[in-house]
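The values are calculated or read from the model by the stated rules, or taken from the named source; none is laboratory data. Predicted model only: the values in this text are computed from it and were never measured. So basically every Cβ, Gly included, is an ideal-geometry build from the backbone, and we count neighbours across all protein chains shown.
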Amino acid sequence: MKRLPLLLLSGLVAVAFAACGGKQPETTPTPTGPNTDSLRAAQQAHDDSMKAAQEEADRRAQAEARRRQEIADSLAAMGRGTEAVKTLLATMIHFDYDKAIIRGGDAAVLDQKVAILQANPGLRIRISGHCDERGSDEYNLALGNRRATAAKQYVVSHGIDGSRIETVSYGEERPLAQGHDEEAWAQNRRDEFEILSGGESLKQP
Amino acid sequence: MRRLLLGLAVLSAGPTVRPSDAQDTSAIDRGVRIGIVYRPGVRPGMVVLPVHAPALDSARVILARDVDYSDRFELITLPGGDSIRVTAAAPGARPPAAGGAGRTGGGGAAAATTLNYPLYQALGADFAVAVAAGSGDSAIVTVHDVAAGGVRRELRARLPALKDPGFRLAIHQLADRVLEAALGVGGTAATRVLFVMDGKVYSIDQDGADQKLVSSSDHQAMSPAWAADGRRFSYMEFWQGHGRLFLQEVASGKRAPVATTGQALDFTPAFSPDGKTLAFSRATEEGTDLYTVNIKDGCCLQRLTVGRFYDNLSPTYSPDGQRIAFVSTRAGLPQIYVMAADGTDQQLFAPFDYGATGSSNAPEWSPDGQTVAFHRDVGGTLQVFVLDVRTRAVRQLTSVGRNEDPTWAPDSRHMAFVSDRSGYRQLWIIDVETGRIRPLLQKSGARLPAWSPRLPETASSTP
């Protein structure tokens, strides 16, 4: 059994001798110029990845554009809604001479305003009362005040918080129609409705 | 004056009364002679003598117009008009030239004057007024009593230069003193009228000259009102739908908002006669009601009426400050009511027929306290009325066109108002006693006039 380690030892010595003492065998291959196959592959890979990235970017851009278009579309839709609501809200109501009683037909107009105010809780409005030129200038301030207040009372009685509505009167100082006949007077005996705040985007009721 | 009015009443009683019947040569009341042989009317005649210095002639023209607009004299033109040279020789004046009137008359007159009293008497003049330059920048106005053939009074006043803003006011004040010297009554020459046009407040001399803008902002203005001392006025401006009241000094033009106003619709300000309190209308969601505020200390808002289901507005103080006349809709249509200045004892003032009488608005208490002017809807248009405070009788003053917003002159005899009788709305002045009417301002859209009291000297510097 003693021979085996010895043999192994001699073998190791022989190997060590061969490794240290002799000339190194020329086993390492020296580069002999570019490997065109691998370059082509690398190029291919690179091109592929670039293309993929580009496609991805395009896809994302398209998605972004689509998203933006959707937002724009919806904003436009919302804007159209806001404009429509604003038009509804600005519809005037009219009065008989020297009267501040809401006419039957105008109750429906006020009902629309109630609905708009309910659908848009942030909305605050101002109602201004106006008169025709026939009455006394100063009395008309009091009459216009009654007309504005009458509309507010109607809206408040239908559930709208009174603090959201301001009333003012301009008497006969700001006529809408300049004529001096019944047609002009009838147009001028009116309540106007304007947005004080919260009117940036309005929901349809 | 009473006898004079009596004479007028007799004269107008019927066509059967000849003018000579109305003449009462024995009647002398406060120096007024009623009835001289030849005269076109029953008013005393006055001739304002020509002068030939440019500044003084301008003064004479203004003074003569004031005399005419007082409606208390028959203004007499000399034959040959102003070309005639009649001179009241004042210090420095040139000697009189030849003409229809020379040195022949005026035997008993003051030593310095040579007037042809018989000529003036023949023309129907009871008084002759001469304007002359005094020493320095003063002017002398001499009031001659023609029948007595002598000087009634010599009035001296500093006369600012022709282009000085105080020039016209100085003449107007002399004109008022002429009235005082001749008849013993106060005039209205030295006054201005505030009014609204195109949303701004303007001021104008009562003779229609010297229109000036007095409101100083772009906010739409309404309802100017004078303080009784003529040194301040108030008016309302729209501020984002609210009505804010302002006080403005005449002399400096400075203005300040009235405390506690501007949060609601505050309008129709009215000064108490002592100038300490401003009454006004305030429109809220409860309706329109009357309030007062202490403008001396800028405090102490007081509510005078509680309308709830009706409106109370347009206050006007009695000149003693004890009562306020105002408009109320408590009976349906607006009508004229009165109450104590603290808001108690509210009652109907101008009687009306329920269901028949039209709306009545815009009351203004006369400075003598005896009447309240207002306008009332008659057949779909407005007419000016006066209420006799003592008897509560109502009299209609106007009937031509639409007439509204009357305001009293300090003589409680003349009244400015808005009328469309000429085709468009403009300011007019009526003499309530004779019914004579003249335009104050021929511009369309002038309205809401407020006639000043007699203006103090210091008001001469600016509007």
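Can you spot a residue in segment A:165-179 that is surrounded by 15 or more Cβ atoms within 10 Å (Cβ to Cβ) and farther than 30 Å from B:His375 by Cβ?
Yes, because at least one residue in segment A:165-179 is surrounded by 15 or more Cβ atoms within 10 Å (Cβ to Cβ) and farther than 30 Å from B:His375 by Cβ.
Among the residues of segment B:133-172, write down those that are among the polar types (S, T, N, Q) and surrounded by fewer than 17 Cβ atoms within 10 Å (Cβ to Cβ). Spell out the reasoning first.
Of all residues in segment B:133-172, those among the polar types (S, T, N, Q) come to B:135, B:138, B:142.
Within segment B:133-172, B:Ser135, B:Ser138 qualify.
Among what's in segment B:278-289 and is over 12 Å from B:Leu247 (Cα atoms) and under 27 Å from the mean Cα position of the chain (by Cα), pick the residue that is nearest to the other protein chains (Cβ to nearest Cβ).
Going residue by residue through segment B:278-289, those that are over 12 Å from B:Leu247 (Cα atoms) are B:279-289.
With under 27 Å from the mean Cα position of the chain (by Cα) added as a condition, the list becomes B:279-281.
Values: B:Ala279: 13, B:Phe280: 11, B:Ser281: 7 Å.
For segment B:278-289, the residue satisfying everything is B:Ser281.
Within segment B:297-309, is even one residue among the aromatic types (Phe, Trp, Tyr), assigned by TED's automatic domain parsing to the domain that holds B:Ile336 and surrounded by fewer than 21 Cβ atoms within 10 Å (Cβ to Cβ)?
There is at least one residue in segment B:297-309 that is among the aromatic types (Phe, Trp, Tyr), assigned by TED's automatic domain parsing to the domain that holds B:Ile336 and surrounded by fewer than 21 Cβ atoms within 10 Å (Cβ to Cβ).
What is the residue count in segment B:393-421 for residues that are in a strand (DSSP E or B) and charged (D, E, K, R)?
Of the residues in segment B:393-421, 3 are in a strand (DSSP E or B) and charged (D, E, K, R).
Can you find, within segment B:342-369, the residue that is farthest from the other protein chains (Cβ to nearest Cβ) among those that are assigned to a strand (DSSP E or B) and of a type in the set (A, V, I, L, M)?
The selected residue is B:Leu348.
Given (1) surrounded by 15 or more Cβ atoms within 10 Å (Cβ to Cβ); (2) modelled with pLDDT under 95, where does B:Arg413 come up short, assuming only one miss?
Condition (2) is where B:Arg413 drops out.
Within segment B:191-217, how many residues turn out to be away from every other protein chain (no Cβ under 14 Å) and out of contact with any strand residue (DSSP E or B) (no Cβ under 9 Å at 6 or more places or on another chain)?
Selection size over segment B:191-217: 1.
How many residues does segment A:120-143 contain that are within 17 Å of A:Thr91 (Cα to Cα) and either assigned to a helix (DSSP H, G or I) or within 8 Å of another protein chain (Cβ to nearest Cβ) (or both)?
Final tally of qualifying residues: 2.
Does any residue in segment B:41-54 that is assigned by TED's automatic domain parsing to the domain that holds B:Arg65 come within less than 6 Å, Cβ to Cβ, of a residue that is of a type in the set (D, E, K, R) and assigned to a strand (DSSP E or B) six or more places away or on a different chain, and which pairs are these?
B:Gly41/B:Glu74; B:Arg43/B:Glu74; B:Gly45/B:Glu74
Can you tell me which residue is nearest to the other protein chains (Cβ to nearest Cβ) among those in segment A:144-186 that are assigned to a strand (DSSP E or B) and in contact with a Leu (Cβ under 7 Å, 6 or more places away or on another chain)?
A:Val168
Just to be sure, is B:Ala190 of a type outside the set (S, T, N, Q), within 14 Å of B:Glu457 (Cβ to Cβ) and not in a helix (DSSP H, G or I)?
Yes; evaluated as a whole, the condition is true for this residue.
For segment B:370-379, state whether one or more residues are at pLDDT below 95 and either over 30 Å from B:Asp205 (Cβ atoms) or within 14 Å of another protein chain (Cβ to nearest Cβ) (or both).
Checked against the condition, which is being at pLDDT below 95 and either over 30 Å from B:Asp205 (Cβ atoms) or within 14 Å of another protein chain (Cβ to nearest Cβ) (or both), segment B:370-379 yields at least one hit.
Looking at B:Leu333, B:Leu382, which one is surrounded by fewer than 21 Cβ atoms within 10 Å (Cβ to Cβ), within 14 Å of another protein chain (Cβ to nearest Cβ) and closer than 17 Å to A:Leu143 by Cβ? Give the derivation first.
Working: B:Leu382 fails: surrounded by fewer than 21 Cβ atoms within 10 Å (Cβ to Cβ).
Going through B:Leu333, B:Leu382 in turn, just one is surrounded by fewer than 21 Cβ atoms within 10 Å (Cβ to Cβ), within 14 Å of another protein chain (Cβ to nearest Cβ) and closer than 17 Å to A:Leu143 by Cβ: B:Leu333.
Which of (1) more than 22 Å from B:Val214 (Cα to Cα); (2) out of contact with any Leu (no Cβ under 7 Å at 6 or more places or on another chain); (3) crowded, with 23+ Cβ neighbours inside 10 Å does B:Ala175 not meet, given it meets every other one?
In the conditions (1) more than 22 Å from B:Val214 (Cα to Cα); (2) out of contact with any Leu (no Cβ under 7 Å at 6 or more places or on another chain); (3) crowded, with 23+ Cβ neighbours inside 10 Å, B:Ala175 misses (2) alone.
Please give the number of the condition A:Ala186 fails out of (1) closer than 20 Å to A:Val109 by Cβ; (2) within 33 Å of the chain's Cα centre (by Cα).
(2)
Just name the residue that is nearest to the other protein chains (Cβ to nearest Cβ) out of those in segment B:218-234 that are over 16 Å from B:Phe267 (Cα atoms) and not hydrophobic (A, V, I, L, M, F, W, C).
Selected residue: B:Asp218.
Tell me which residues, restricted to segment A:80-119, are within 14 Å of another protein chain (Cβ to nearest Cβ) and either crowded, with 16+ Cβ neighbours inside 10 Å or part of a strand (DSSP E or B) (or both).
Within segment A:80-119, A:Asp98, A:Ala100 meet the criteria.
From (1) touching a Lys or Arg at 6+ places or on another chain (Cβ under 7 Å); (2) within 14 Å of chain A (Cβ to nearest Cβ), pick out the condition that doesn't hold for B:Pro410.
Status for B:Pro410: all satisfied but (2).
Going by the structure shown, is B:Glu237 touching a Lys or Arg at 6+ places or on another chain (Cβ under 6 Å), more than 14 Å from chain A (Cβ to nearest Cβ) and of a type in the set (Asp, Glu)?
Answer is no for this residue.
Can you report the number of residues in segment B:225-243 which are out of contact with any Ser or Thr (no Cβ under 8 Å at 6 or more places or on another chain), more than 22 Å from B:Tyr317 (Cα to Cα) and assigned to a loop (DSSP other than H, G, I, E, B)?
Counting residues in segment B:225-243 that are out of contact with any Ser or Thr (no Cβ under 8 Å at 6 or more places or on another chain), more than 22 Å from B:Tyr317 (Cα to Cα) and assigned to a loop (DSSP other than H, G, I, E, B) gives 1.
Which condition number in (1) assigned to a loop (DSSP other than H, G, I, E, B); (2) within 14 Å of another protein chain (Cβ to nearest Cβ) is the one that B:Leu448 fails?
(1)
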